[in-house]
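The next block holds one structure in the form of structure tokens; read it before the comments.
Any read-out appearing in this document is the output of simple, stated calculations on the displayed coordinates, not a laboratory observation. Everything numeric here is computed off the predicted structure, so don't read it as measured data. Note: ideal-geometry Cβ built from the backbone for every residue, glycine included; neighbour counts use all protein chains shown.
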Amino acid sequence: MPTPGILKGLAVTIRRFLETYIGDLKRFPHRYAPEGRYRRLRPGERGAFTVQYPEERLEMFPRFRGALMQLTDPQTGLPKCTACGICARSCPVGVIEVVRAPEKREGKFVPESYTWNLAPCIFCGLCVESCPFGALCHSPEFELSTYGRGDGQLIFDLARLLALGRKYAPDGVPPVEQEK
Ligand code: SF4
């Protein structure tokens with residue numbers, strides 16, 4: 001004989017099961033969220049809560065620690081980074097290498113090369129916190145897997161980091177500050 005608690009639990013399961021179909025019907029005839037951008041359900045909202053990845057993707061939170069990115073100063077078009085090397089020194093696993101360019105550009109130091117090795121990175125965020133110029137921050141990029149370490153995809157050079165910065169922070173404002 002099922003106890004009231006079991007019956008109550010079953011009722012919740014069946015209700016949630018049916019609600020996912022009702023949520024799907026609301027989108028009919030489109031199966032996926034517009035442009036593949038799945039909006040998180042707000043507290044109290046009911047409906048489909050299965051993300052049809054990879055056709056649909058959740059938007060990451062501004063504080064999400066995805067791949068590193070380098071920000072560009074929109075006024076000068078130069079990297080905000082001054083190649084001071086503080087981020088490299090603060091990294092506990094040594095995944096950042098910075099080389100300063102011999103010549104200043106527009107009166108400021110700039111990096112000649114900047115390399116972030118994703119493979120041993122533990123995403124602690126100490127590099128981002130330690131940067132005194134706000135040049136480095138985490139992007140929402142999370143699809144970073146590759147088929148092998150030897151293909152170089154896990155090594156991010158300056159051009160790649162700046163491209164991520166232009167994509168996610170075109171005004172040079174980190175995502176955490178964009179939400180304010
Ligand atoms: S990212 Fe920031 S801490 Fe790292 S070298 Fe550039 S300016 Fe210095």
0 to 90° range, to nearest 10: angle between helix 4-26 axis and the chain longest Cα axis: 60
Calculated [θ] (222 nm, deg cm²/dmol) that DSSP helices of n ≥ 4 give over the chain, each run adding -39,500 (n - 2.57): -7500 deg cm²/dmol
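Rank these for me by crowding, Phe156, Phe17, Phe61, going from fewest to most other beta carbons within 10 Å. Present the calculation step by step, with values, prior to reporting the outcome.
Details: Phe156 25, Phe17 9, Phe61 12.
Least crowded to most crowded, the residues run Phe17, Phe61, Phe156.
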Distance from the stretch 80-151 to the stretch 11-43 (C-alpha centre basis), Å: 40
Ranking of Asp151, Asp73 by count of other Cβ atoms within 10 Å, fewest first: Asp151, Asp73
Those Cys residues of the chain for which no other cysteine Cβ falls under 4.7 Å: Cys81, Cys84, Cys91, Cys121, Cys124, Cys131, Cys137
Hydrodynamic radius (Kirkwood) for the chain, which is based on Cα pairs only, to one decimal in Å: 19.4
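Can you tell me the relative contact order of the stretch 1-158? Whole percent, Cα pairs under 8 Å, sequence separation 6 or more. Working shown, then result.
Details: 211 pairs, mean separation 33.0, N = 158.
Dividing the mean separation by the residue count of the stretch 1-158 yields 21 percent.
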Integer Hz, Karplus 6.51/-1.76/1.60 couplings in order for the stretch 146-153, x for Gly and Pro: 9, 8, x, 6, x, 8, x, 5
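If each residue's Cβ is checked for other Cβ atoms within 10 Å, how do Cys81, Cys124 rank with the fewest at the top?
On the way: Cys81 28, Cys124 13.
The fewest-first ordering by Cβ neighbours comes to Cys124, Cys81.
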Cα gyration tensor shape for the stretch 58-105, rounded if a/c is under 1.5, else prolate or oblate: oblate
Cα lying deepest toward the dipole's positive end in the stretch 20-151, options Phe142, Tyr53, Leu126, charges on Cβ: Tyr53
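State to the nearest 20 debye the size of the charge dipole of the chain about its Cα centre, where the only charges are +1 on K and R beta carbons and -1 on D and E beta carbons. Display every interim value, and only then the final one.
Details: 25 positive and 20 negative charges, 135 e Å.
In total the dipole reaches around 640 debye.
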Partner aspartates and glutamates for Lys8 [C-alpha distance under 17 Å; skip if fewer than 8 residues away on the same chain]: Glu19
Degrees between helix 158-168 axis and first principal axis of the chain (Cα, 0 to 90, nearest 10): 40
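Just need the relative contact order of the stretch 68-178 here, percent rounded to a whole number, with Cα pairs under 8 Å and 6+ apart. Intermediate values should be presented prior to the final figure.
Working: 185 pairs, mean separation 39.8, N = 111.
It comes to 36 percent, rounded to a whole number.
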